[in-house]
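What follows is one structure encoded as structure tokens, with my remarks underneath.
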Amino acid sequence: MRKNILGALSIALAIATQQSVLLAGSPSCLSSLRCDDGMLCDSAAHYRGGSDCDARMICGDECNDGCLGGCSAGCCDHGGFGCDAGMDSCCDGGLFGLGLLGQASSGWNVSGWVDAGFIGNTSSPNSKFNGPYNAVDRSNEGMLNQLYMIVEKRLPRYGAGIGGRVDILYGEDYLLAQSNGLERRDDGAARWNGEYYGLALPQAYVSMGNEDVSLQVGHFYSVVGYEGVMAPDNFFYSKSYSYQFAGPFTHWGAQLNVRPTDALSFNLGIHNGWDSLDRESDKPGFIGKVRYDSQSSKAWTSFAITTGDSSNDLAGVALNPDFTNRTRYSWLVALPVTKRLDYVFHHWLGFQEEGAPDGGRADWYGIDQYLTYCFTDRLKGAVRFEWFRDEEGTRVGLNRPSNPNNPPFVGDFYSLSAGFNMAVSKNLTIRPELRADWFDGTAASQPFDDGNDDNQFMLGIDAIFRI
């Protein structure tokens, strides 16, 4: 099976490369969307939308010189289209150009977006759950995924200053942004949120320093992994298994962000476990990341890891429930295959001591791969293929209470997604997507169609409107 998968990926890469030659005469793609050094990213020290640029990058000369008009052309946008949420240097107009959201004289910036969509599942499960998902998980009904607002003051380029950021999220995606001790009680029980819609505070921190050296204290998105909660920072509407189940979403703690050169950056921090402000056993954990950017080829690679004691019984299968070491790492490599075609390879691994049903170590690991092709300044296409191995069946299926597709699912999950990002206007992006999932393993019931099938096929579409 794995040899066949590798062969299929090689064929897909060859076809995509051939297509890039056939379409070489189409309009320019904002310098192949490679203005990483000029993108303005969030202060959480990560950008997840396919370029993973650093928090201290700003909308500067490289972006202005290389992107068909610079900021006004939208090259500083995370997705390559229009103005990014929180990008005051590009988006002075605010809501509908009326200045309702924008930068105040105090330096605080208010921005946000609305993300809503629909996933059609050809299996039409009675529960209306798309298998063991915890994001974009409802089938054959409309979803308000994110009503998202950011209030932020950024750090200065030089010298020293004090900044901060608060993110507020309402919608079905709140499930990925909750914390024990805030939206949930210290034992994980719900506090004020319902099952399908809720309110969460995914980030709330103070930052000190400048764009090259900064310290942030509070609540921030994890730098481990590739995809993220924020809709504009992901190519696809649906989320990968590796993002849903393999790692942390956020941390509470402190993180030092250092960029000694244009090519090298570091993040080092201490946190209170995965997605936790207060938990039944508060113990410090470690997080770290290093990234290298080639200044000539625009290729980049990064390695991130987090480790510390966490509950070993999230799936309810541990022989001896306790707080034991949980570790997760991510290794990413991004390569510009051609001027228009980008390839991203993501390998990750996680394990939990004494987390398996027999009292041994629980392991989960896999590979995600992305091919992104830029047809025009306003149209991009991409393919994502992933393999997720849940060795002891302790990870996939940690979802909403009424979802019947629950662990253990011991075996291999695969998914193949294909879709487009279409910039209808500066504020509106539409993302159609086709996705197939299948499972190869052992389980008391199958993971899809409410336990009746080992595969499913879905058609989805969403719209992101930036305000």
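The values are calculated or read from the model by the stated rules, or taken from the named source; none is laboratory data. All values derive from a computational prediction rather than experimental measurement. Every residue, glycine as well, gets a Cβ built from its backbone with ideal geometry; the counts of neighbours run over all protein chains shown. Please note that ligands, DNA and RNA were not included when accessible areas were found on the heavy atoms of the full protein model with its side chains. Shrake-Rupley method; radii C 1.70, N 1.55, O 1.52, S 1.80 Å.
Okay, here's what the table says:
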| item | result |
| --- | --- |
| Among residues of segment 150-188, those that are within 26 Å of residue 404 (Cβ to Cβ), open to solvent by less than 50 Å² (accessible area, probe 1.4 Å) and over 22 Å from the mean Cα position of the chain (by Cα), counted | 1 |
| Selection count where residues are in contact with a Phe, Trp or Tyr (Cβ under 9 Å, 6 or more places away or on another chain), part of a strand (DSSP E or B), open to solvent by 50 Å² or more (accessible area, probe 1.4 Å) and closer than 24 Å to residue 241 by Cα, scope segment 115-149 | 3 |
| Residue within segment 244-266 that is within 20 Å of residue 283 (Cα to Cα) and of a type in the set (Val, Ile, Thr) present | yes |
| Pair list, Cβ < 6 Å and 6+ apart or interchain, from segment 325-337 residues that are under 17 Å from residue 272 (Cα atoms) and in contact (Cβ under 8 Å) with a residue 12 or more places away in the chain to residues that are of a type in the set (D, E, K, R) and part of a strand (DSSP E or B) | 325/309 |
| Contacts under 7 angstrom Cβ, first residue in segment 235-261 being closer than 16 Å to residue 314 by Cα, partner open to solvent by less than 10 Å² (accessible area, probe 1.4 Å) and among the basic types (Lys, Arg), 6 or more apart | 246/328; 247/328 |
| Residues within segment 419-449 that are more than 26 Å from residue 367 (Cα to Cα) and open to solvent by less than 60 Å² (accessible area, probe 1.4 Å), tallied | 6 |
| Condition check for residue 208: over 18 Å from the mean Cα position of the chain (by Cα), under 29 Å from residue 283 (Cβ atoms) and in contact (Cβ under 8 Å) with a residue 12 or more places away in the chain | yes |
| Selection from segment 434-462 of residues that are among the polar types (S, T, N, Q), touching a strand residue (DSSP E or B) at 6+ places or on another chain (Cβ under 9 Å) and closer than 14 Å to residue 121 by Cβ | 455, 456 |
| Of residues in segment 394-418 being open to solvent by 40 Å² or more (accessible area, probe 1.4 Å) and of a type outside the set (Gly, Ala, Ser), the one nearest to residue 194 (Cα to Cα) | 401 |
| Qualifying residues in segment 331-377 (those that are under 30 Å from residue 308 (Cα atoms) and of a type in the set (A, V, I, L, M)) - the one surrounded by the most Cβ atoms within 10 Å (Cβ to Cβ) | 362 |
| Residue within segment 380-393 that is touching a Pro at 6+ places or on another chain (Cβ under 8 Å), open to solvent by 40 Å² or more (accessible area, probe 1.4 Å) and within 24 Å of residue 125 (Cα to Cα) present | no |
| Residue match in segment 298-319 (condition: under 30 Å from residue 376 (Cβ atoms), polar (S, T, N, Q) and not in a loop (DSSP other than H, G, I, E, B)) | yes |
